[in-house]
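First comes the structure, then the notes that go with it.
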Amino acid sequence: MTAESAEDVPLADHPDVNPTRGQWYDRSLAYLEDEVADHREALVADVDGQVLDLGCGTGTAFEQFPEEAEVHALDPERDYLAWATTKTDGVHLAAGQAESLPYSADTFDAVVCSQVLCSVDDVPTALDEIARVLCSDGRLHFLEHVHSDGVAGHVESVLTPLWKRVADGCRLNRDTLSRIEASPLTVTDVERLSLGRVPPTTHIRGAARQVDD
Ligand SMILES: C[S@@+](CC[C@H](N)C(=O)[O-])C[C@H]1O[C@@H](n2cnc3c(N)ncnc32)[C@H](O)[C@@H]1O
């Protein structure tokens, strides 16, 4: 690999890893994937160079990255990474957390966060880390579900404590755009989307770049 980065995760050394958990994860989210796939494809359409798929999960995005991109992917869940290995032979996989990225500063031309910042415990630290590993002209590309307005938003807040327990720490009511705006990155474009049917959820898709000193 050309980026200074973590070693590819040695899943073979972890006999406790359970890739069927990743299979189950893919099946449970298949209902939403139909709608999310096109937006994720647009999100990564113009990335190239060294790219980090942060919180890659089971590697759903791998086949959507352009051929020119050298893709590194990181997730804390080794079970998901084990299933992700079945979808690629070219992506560099590593286990780790967004709050403590195992990469050197100025490593990536793009960091991609697709449905990830809702689950990260310490978002400000994760965004500081993203800014650190991005090159000076690098960009964060994000596709995240966020707190809806009105009644839907109220329902999301009521459901979040339970949902967080059953859905790997996912918060339905997080205002992720404000967190990105408060980070060292500058939001350059953002679009609000309504995705999913039962219930529809508000998403944001956009990009943020490093601020020049
Ligand atoms: C909903 S999945 C999204 C997977 C993939 N990015 C996609 O678009 O299908 C959220 C992922 O974020 C990961 N995650 C949770 N906390 C994280 C953290 N602190 N750092 C990095 N990834 C995290 C989870 O393990 C999970 O794989």
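The values are calculated or read from the model by the stated rules, or taken from the named source; none is laboratory data. Computed from a predicted structure; not experimentally measured. FYI the Cβ positions are ideal-geometry reconstructions off the backbone, even for glycines, and counts take in every protein chain you see.
Among the candidates L140, L134, L162, single out the residue that is touching an Asp or Glu at 6+ places or on another chain (Cβ under 9 Å) and under 25 Å from R78 (Cα atoms). Criteria check complete, one pass: L134. From the list R192, R171, R165, the lone residue that is in a helix (DSSP H, G or I) and of a type in the set (K, R) is R165. Here the condition is being farther than 23 Å from A98 by Cα, assigned to a helix (DSSP H, G or I) and not basic (K, R); of A126, A131, A152, it holds for A152 alone. Filtering the stretch 62-79 for residues that are among the polar types (S, T, N, Q) and exposed (fewer than 15 other Cβ atoms within 10 Å of the Cβ) leaves an empty set. Looking only at residues in the stretch 107-121 that are outside any loop (DSSP other than H, G, I, E, B) and within 13 Å of the ligand (Cβ to nearest atom), which one is surrounded by the fewest Cβ atoms within 10 Å (Cβ to Cβ)? Only one residue tops the list, namely S114.
Here P124 passes the criteria (1) at pLDDT 95 or above; (2) buried (at least 20 other Cβ atoms within 10 Å of the Cβ) except the one numbered (2).
In the stretch 30-57, the residues that are within 20 Å of A105 (Cα to Cα) reach residues that are surrounded by fewer than 14 Cβ atoms within 10 Å (Cβ to Cβ) and not aromatic (F, W, Y) with C-beta atoms within less than 8 angstrom, at least six apart or across chains, in these pairs: V47/P66; D48/P66; D48/E68; G49/E68; Q50/T2. Just to be sure, is A73 within 17 Å of Y25 (Cβ to Cβ), under 14 Å from the mean Cα position of the chain (by Cα) and assigned to a strand (DSSP E or B)? In short, yes.
Filtered by the rule that a residue be away from the ligand (no atom under 13 Å from the Cβ), in contact (Cβ under 8 Å) with a residue 40 or more places away in the chain and either out of contact with any Asp or Glu (no Cβ under 6 Å at 6 or more places or on another chain) or part of a helix (DSSP H, G or I) (or both), the stretch 76-106 gives T85, T86. Put simply, of A131, A73 the only residue that is away from the ligand (no atom under 11 Å from the Cβ) and at pLDDT 95 or above is A131. For the stretch 15-57, filtering for residues that are away from the ligand (no atom under 13 Å from the Cβ), part of a loop (DSSP other than H, G, I, E, B) and crowded, with 18+ Cβ neighbours inside 10 Å leaves 2. Here R179 meets the list (1) part of a helix (DSSP H, G or I); (2) within 12 Å of the ligand (Cβ to nearest atom) almost entirely, failing just condition (2).
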